Every structure is written in C-alpha cells, then in structure tokens.
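The values are calculated or read from the model by the stated rules, or taken from the named source; none is laboratory data. Just so it is clear, the model here is predicted, and its values are computed rather than measured. A quick note on method: Cβ atoms are made from the backbone with ideal geometry, for glycine too, and the neighbour counts reach across all protein chains shown.
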C-alpha cells in the first residue's frame, strides 16, 4: 500500500538524522533561514558544499 504512485504529492521532512534524507528526490540545505544548497543526496555529496561535511562527521 505504501508503494502506490505518489508522484503528485509533496512531503516535507525535518530531521536531525541525516540518513533520513538519503532516499529523498530533493534535499534543501538551510543556514540562517536561507537555502544554501539543493539537490539529491548524490548531488550534494559530489558538490562538497555544506552538506557533505555534516554527513561525514
């Protein structure tokens, strides 16, 4: 039942566990109420930016 096509839905996930975001289509990284990075997990890890160091700690 959870695997139905839900491509028309948007969900917002807020978590202190970064592993929760690995399967997300798009991740937005915020700092001081501004988006400082956006993309998939693989995109953000490849860019380095602010997301990658948080994940590798």
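Is the range 27-43 home to any residue that is surrounded by fewer than 11 Cβ atoms within 10 Å (Cβ to Cβ), at pLDDT 80 or above and touching a helix residue (DSSP H, G or I) at 6+ places or on another chain (Cβ under 9 Å)?
Looking for residues that are surrounded by fewer than 11 Cβ atoms within 10 Å (Cβ to Cβ), at pLDDT 80 or above and touching a helix residue (DSSP H, G or I) at 6+ places or on another chain (Cβ under 9 Å), one finds none in the range 27-43, hence no.
Do we have residue 49 as surrounded by 12 or more Cβ atoms within 10 Å (Cβ to Cβ), in a strand (DSSP E or B) and modelled with pLDDT of 80 or more here?
no
Could you list, in sequence order, all residues of the range 14-24 that are surrounded by 10 or more Cβ atoms within 10 Å (Cβ to Cβ) and either farther than 15 Å from residue 50 by Cβ or at pLDDT 90 or above (or both)?
Correct list: 20, 22, 24.
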